[in-house]
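Coordinate-derived values only; no laboratory data. Predicted, not measured: the structure shown is a model, and the values here were computed from it. Using ideal geometry, Cβ is built from the backbone for each residue, glycine included, and neighbour counts are taken over all protein chains shown.
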Amino acid sequence: MGAAGGFTAVRLRSEAGVEDLYYLDECGFSPTLPTGYTWARTGTRVVVNREDTKNRRVNALGALNDTGPRPELVWTTVEGKIDAEMVLDFVCTHIARLPGGADSLGALSGVQRHRPCAIVLDNASIHHTQLFKGRREERADIGVHLFYLPPRSPELNRIECVWRSVKYQDTPVRAYTSTPELHTAIDTALTRRAATMTPHATQIPRAA
């Protein structure tokens, strides 16, 4: 079965309620967000301030489950780098629901997720590191499997629609003078987006 056929099979199993399906991805937000179009009175020029982006990005790591009996959006946001260790712990803690997170992967005998789970993700370099990809068998033992999308196919990763909505529609302020303001705006937009899902949506608390 090719990649397209494999993806279809994963999707159908999720829609049938056989297993959960999460779309995982990372996204970066700059203090000046994209400006598509706007309006103004005739003769009035619209000005959007442009903020310095150096060391001021907010990065989000999220997973979207939009099918099956328990649709949800889970995410975490940081003002630093997202690495393979963070992705692994996010998967283990907030998708696999593994007690102890990544530290417990392979150490808990007989622990299984309440339902099998497939995670769809792209081919970003951190998804192919030994730290993350190299532990596929241990994740499979607890009922979590990875499905890598074909190269150059972001349209198949449904969480991309969430990122786009947050960047272009859900944050009415286009420029933020401080990183904490941007951070709060992104979390607020994701919270509102997640609230449209039922029965629940969960934000992962920020680290202190």
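Measuring max minus min along each principal axis, the C-alpha atoms of the range 3-203 give extents of 67, 33, 32 Å (largest first). Applying 1/(1 + (r/R0)^6) with r as the Cβ-Cβ distance of Val78 and Arg164 and R0 = 30 angstrom yields a FRET efficiency of 0.90. Model label sites at Leu156 and Gln130, defined 7 Å from Cα along the beta-carbon direction, differ in position by 2.8 nm. For the range 104-188, the relative contact order works out to 29 percent when only alpha carbon pairs closer than 8 Å and six or more residues apart are counted. Averaging Cα coordinates gives a centre for the range 130-198 and one for the range 56-86; these two points are 4 Å apart.
The charge dipole of the range 3-203, taken about its Cα centre with unit charges on the Cβ of Lys, Arg, Asp and Glu (plus for the first two, minus for the last two), comes to roughly 620 debye. Relative contact order of the range 3-203, taken over Cα pairs closer than 8 Å and 6 or more residues apart, is 29 percent.
Each peptide among 116-122, 77-83 gets the average number of other Cβ atoms lying within 10 Å of its residues, and from highest to lowest they stand as 116-122, 77-83. Judged by the mean number of other Cβ atoms found within 10 Å, the most tightly packed of the peptides 133-146, 87-100 leads the ranking 87-100, 133-146.
If you take all other residues with their beta carbon under 15 Å from the beta carbon of Ala124, and give Lys and Arg +1 and Asp and Glu -1, the sum is -3. What the Cβ-Cβ distance of Glu137 and Leu12 gives, at R0 = 30 Å and to the nearest 0.05, is a FRET efficiency of 0.75.
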